[in-house]
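The values are calculated or read from the model by the stated rules, or taken from the named source; none is laboratory data. Note that this is a predicted model, so its numbers are computed, not measured. Please note: Cβ atoms are built from the backbone with ideal geometry, for glycine as well, and neighbour counts cover all protein chains shown. Each accessible area value is taken on the protein alone, full model and side chains, heavy atoms only, with ligands, DNA and RNA left out. Shrake-Rupley method; radii C 1.70, N 1.55, O 1.52, S 1.80 Å.
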Amino acid sequence: MIKNIKIDESLEKYISDNSYDLHPVQKEIIEYNNSLGDLKKMQISVTQAYFMQLLIKINNVKQILEIGTFTGYSALSMALVMETDGLITCLDKNKETSDIAKNFFKKANVNNKIDLIIGSAIENLNKLINENKYFDLIFIDADKENYIK
């Protein structure tokens with residue numbers, strides 16, 4: 001029988017302590033986001049990033065759509081485990097945080113695996129549909145009020 005497991009700070013610490021070390025730029029993003037106060041909650045947790053990486057590796061994911069990039073922690077985490085021919089298409093409406101994310105991507109040398117599109121997620125999703133774009137994995141982490149659309 002499947003049981004819900006509450007991921008509290010002690011379990012999060014256990015997972016982090018028993019997983020591989022984070023990439024230096026992942027650590028840098030976390031440190032940067034921690035300096036933002038309450039906005040840091042927009043970043044996924046380290047254990048969520050590990051889980052996303054596992055999904056990508058075991059399913060040999062090549063094409064990812066991420067809606068909501070913030071400062072780039074999740075996209076960077078996914079790009080680090082993708083093969084060189086993989087691509088993450090990121091949609092985000094905030095130019096300031098997108099520029100910060102782009103700098104982190106460049107610093108980690110994964111910018112060739114990430115296409116960050118700035119603007120309305122709904123409008124850009126419609127463009128991707130019209131271009132017949134398909135994705136192996138879609139990660140929606142923004143624009144929650146428009147999830148149904």
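Of note:
- Test set (1) closer than 18 Å to LEU116 by Cα; (2) open to solvent by 50 Å² or more (accessible area, probe 1.4 Å); (3) in contact with an Asp or Glu (Cβ under 9 Å, 6 or more places away or on another chain) - GLU66 fails condition number: (2)
- Out of PHE70, PHE105, one residue alone is touching a Gly at 6+ places or on another chain (Cβ under 8 Å) and aromatic (Phe, Trp, Tyr). It is PHE105.
- Test: LEU22 is open to solvent by 20 Å² or more (accessible area, probe 1.4 Å), in contact (Cβ under 8 Å) with a residue 12 or more places away in the chain and in a loop (DSSP other than H, G, I, E, B): yes
- Residues being assigned to a loop (DSSP other than H, G, I, E, B) and hydroxyl-bearing (Ser, Thr, Tyr) - total across region 1-19: 1
- On inspection, GLU28 does not qualify as open to solvent by less than 20 Å² (accessible area, probe 1.4 Å) and charged (D, E, K, R).
- Just one of the listed residues (ILE15, ILE100, ILE118) is of a type outside the set (Ser, Thr, Tyr), over 21 Å from ASP141 (Cα atoms) and touching a residue at least 24 places away in the same chain (Cβ under 8 Å), namely ILE15.
- Residues that are within 13 Å of the chain's Cα centre (by Cα) and assigned to a loop (DSSP other than H, G, I, E, B) were ranked within region 120-142; the one that is modelled with the highest pLDDT is ASP141.
- Filtered residue count, region 103-113, keeping only those that are without any contact (Cβ under 8 Å) to a residue 40 or more places away in the chain and either open to solvent by less than 30 Å² (accessible area, probe 1.4 Å) or assigned to a helix (DSSP H, G or I) (or both): 7
- Residue selection: ILE117 fails the criterion of being open to solvent by 70 Å² or more (accessible area, probe 1.4 Å) and part of a strand (DSSP E or B).
- Qualifying positions in region 39-59 - in contact (Cβ under 8 Å) with a residue 60 or more places away in the chain and open to solvent by less than 90 Å² (accessible area, probe 1.4 Å): ILE44, MET52, LEU55, ILE56
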